[in-house]
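The values are calculated or read from the model by the stated rules, or taken from the named source; none is laboratory data. Keep in mind that this is a model prediction, so the values were computed, not measured. Note that each Cβ is placed from the backbone with ideal geometry, even for glycine, and that neighbours are counted across all protein chains shown.
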Amino acid sequence: MENRRRRLILLHLCPQVTRPLLKKLMKMDPSLLYPFSCTPLDFSTQLSIPFSRAQAVIKHVNNHNIMKKLDIYEQYFTILTCFDNQYPPQLRLIPDPPYVLYVQGDPTLFTSPLSISVIGTRNPSSYALPTMKKVLLPLIHSGFTIVSGMALGIDQFAHSLALENKGKTIAVLGSGFQHIYPKNNLYLYKKMVENHTVISEYPPDVPARRYQFPERNRLISGLTPSTFVIEARLKSGTLITVDQALEQGKDVYALPGPAGSATSEGCHKMINDGAKLVHTYQDILEDWLE
């Protein structure tokens, strides 16, 4: 098991190995021995990928420097694979789970009995933050772990509320730990690593790239039974997360806002489409007490 686990991480560290390729490979060879024993031509033929890509993968997994890099990563980060018992159980149930997660902080938060994802715009209105505080504080005091993406605006405010009020919170990054993004609040990141949890499906040396943020949103919604949207425009990354939450079969809550406000249009549409309107924290808490 340990050797298979290590082989999976080494493959995951390879830039040319995507989730679809890993899925294909694990279906073909659950032991993951094949890339470590075949030729580039065989790998190219069996996996139906270009020879140059196959060559890069085979070279990578047999590179002793990459193996040393993994040894260093394991000293500084907790690495969880889909083979590990500590792997978040909720993520095993989503349509496209990550095969490897890099974790800083407390991995036991993945099994919190009460949790909710909190998402919203990077540019909240003056209405959003005080209203959000009225809803979230009672949930935090009731023991809810707050999950979000550490982005500007709603995300960072949600994490900070949990930190400042003796709650628990998990951040899901869209980059590796050596490239924390955004950089505007590294203090928040450091405090979360000390007493809470920060995770990423990207190896530590992977910088932030635009397409990775929509990818990571499925983990934000996937880690909790429900997602609470504070403010969102009609076309935004927040709505991508909502779509993924619905695909995962999760409950969606939305905070209504002032009529005519651009940052409330997304929430109003969600409510019209069936999301539960949140007037007070009890609108969320009552669903947990049923």
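Key figures
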| read-out | value |
| --- | --- |
| Residue identified as closer than 26 Å to P89 by Cα, touching a Ser or Thr at 6+ places or on another chain (Cβ under 9 Å) and without any contact (Cβ under 8 Å) to a residue 12 or more places away in the chain among T108, T145, T169 | T108 |
| So S112, is it surrounded by 15 or more Cβ atoms within 10 Å (Cβ to Cβ), within 30 Å of P138 (Cα to Cα) and of a type outside the set (A, V, I, L, M, F, W, C) | yes |
| Test: residue in the range 257-265 that is more than 25 Å from S142 (Cβ to Cβ), touching a Leu at 6+ places or on another chain (Cβ under 8 Å) and at pLDDT 90 or above | yes |
| Test: Y127 is in contact (Cβ under 8 Å) with a residue 12 or more places away in the chain, surrounded by fewer than 21 Cβ atoms within 10 Å (Cβ to Cβ), on the phi < 0 side of the Ramachandran plot and in the same structural domain as T224 (by TED's automatic domain parsing) | yes |
| Failed condition for D205, given (1) modelled with pLDDT under 90; (2) surrounded by fewer than 22 Cβ atoms within 10 Å (Cβ to Cβ) | (1) |
| Subset tally (residues that are closer than 19 Å to E215 by Cβ, surrounded by 19 or more Cβ atoms within 10 Å (Cβ to Cβ) and not aromatic (F, W, Y)) for the range 152-179 | 8 |
| Unique match (being surrounded by 22 or more Cβ atoms within 10 Å (Cβ to Cβ) and at negative phi) among A262, A254 | A254 |
